[in-house]
Every structure is written in C-alpha cells, then in structure tokens.
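Novice: Provided herewith is a single structure, encoded as structure tokens, for subsequent inquiry.
What follows draws every value from the coordinates through simple rules; no lab data is involved. Keep in mind the model is a prediction, meaning the values are calculated, not measured. Because the Cβ atoms are built from the backbone with ideal geometry, glycine has one as well, and the counts that use them run over all protein chains shown.
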Amino acid sequence: MALSSTLAVAAFAELSQASGLGTGRVPAGLSRSVTLASGTGAGRADKVYSARRTIAASGSEDLDLAGVLTDAFGASITFAKVKGLFIAASSANTNNVIIGNATSNAWATLLNATGTITLRPGAALGVVAGAADPTTYAVTASTGDILKVANSAGGSTVTYDICIVGTSA
C-alpha cells in the first residue's frame, strides 16, 4: 500500500496603520511544509492514523503508537518514527485537551516523559519533522510508545481530531 503525504504548518498576519499617504501594511508570516514519498527512509512515510476521538469528563486515554492503533482499512499500525503529528481540539469543547505525560512508557521524543501541551477549545497543534531528518520523532515499542490525551476537567466530554504520519521502520 503506497502513501503520499504533504505536511504543513503556517501562520500569516498583516499589521496595518493609517499613515499620511494611506495605510501602511507590514505582512508577517512563517510556513513550513514537507512532501513525503512512500517508504521508510528520510523524506518518506508509510503509515497514517487519523481519527476523531472523544474522552469522558475527567478521563484520559493512552494512544499506543506501536501496534494498537488501526488505519482506515483496519490494519494494525506500528510506528517506528513519527514524521508529523496534528491534533485539533473541538471548538465545542468546554474543557481543554491535554497532550502528554503518560504514566508509563511515555512517547518522550517530542515532549519528554512528563511534558504536556494544553489545547484550549478550538486550538490546534501541528508538528512536522524535516524531510531530510533521518531520526525524526522515534517511537520505541513497549517502552516509549504511549501518547496520553486527557480531558482537563469534569462535567463534560472533549472531542479532538488527530492525524499521525510516520514510518514502520
């Protein structure tokens, strides 16, 4: 099965102010993208996981990146490396979505073992490894493969979308 991927993150803004001859405008922006061919080496990816998930009030879930997730065709996915990670919290959430700090076997190559990122309602996170990076974000089966996602509080569920692109070797 072949996989072609384009991963991107971008930010664009324009600062404007009235001046003597009209309006002065100063654009600002930063964008990075990478196109990956099918395969397992640098500049390549062969696995993708994408889903919309819901977590109960005050709950959490451990996403096992090595052997438990399934792709769109129902095949088990074992990531060896993550090339791109995208997570978006639903704007309809009341609570935050917390990423990271798994109790055991934490996938630590992005946030270290205890680091977290808080996604407020409607917030999104995008991480892209460079195309020439041979290491990217390594996954170690059984000892470093758990990505924890948690609901920050009680009272209501949270929903988030996730897409992980990576390699099997």
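Novice: For segment 21-63, which trypsin sites (Lys or Arg not before Pro) are in a loop by DSSP, counting at most 12 other Cβ atoms within 10 Å? Display every interim value, and only then the final one.
Specialist: Values: sites: 25, 32, 44, 47, 52, 53; in loops: none.
Nothing satisfies the criteria.
Novice: Counting each DSSP H run of 4 or more residues in the chain as -39500 (n - 2.57), what helix-only mean residue ellipticity at 222 nm follows after dividing by all residues, to the nearest 500 deg cm²/dmol? Write out the running numbers ahead of the final one.
Specialist: Values: 1 runs with 4 residues, N = 169.
Estimated from H runs of four or more residues: -500 deg cm²/dmol.
Novice: Now, a different point. Stokes-Einstein at 37 °C, 0.692 mPa s, Kirkwood radius from Cα pairs: D for the chain in µm² s⁻¹?
Specialist: Values: Rh = 17.3 Å.
It diffuses with D of about 190 µm²/s by this estimate.
Novice: Something else now. Where nothing but the Cβ of Lys and Arg (+1) and of Asp and Glu (-1) is charged, how large is the charge dipole of the chain around its Cα centre, in debye to the nearest 20? All intermediate terms of the calculation are to be shown ahead of the outcome.
Specialist: Values: 10 positive and 9 negative charges, 56 e Å.
Around 280 debye, computed over the chain.
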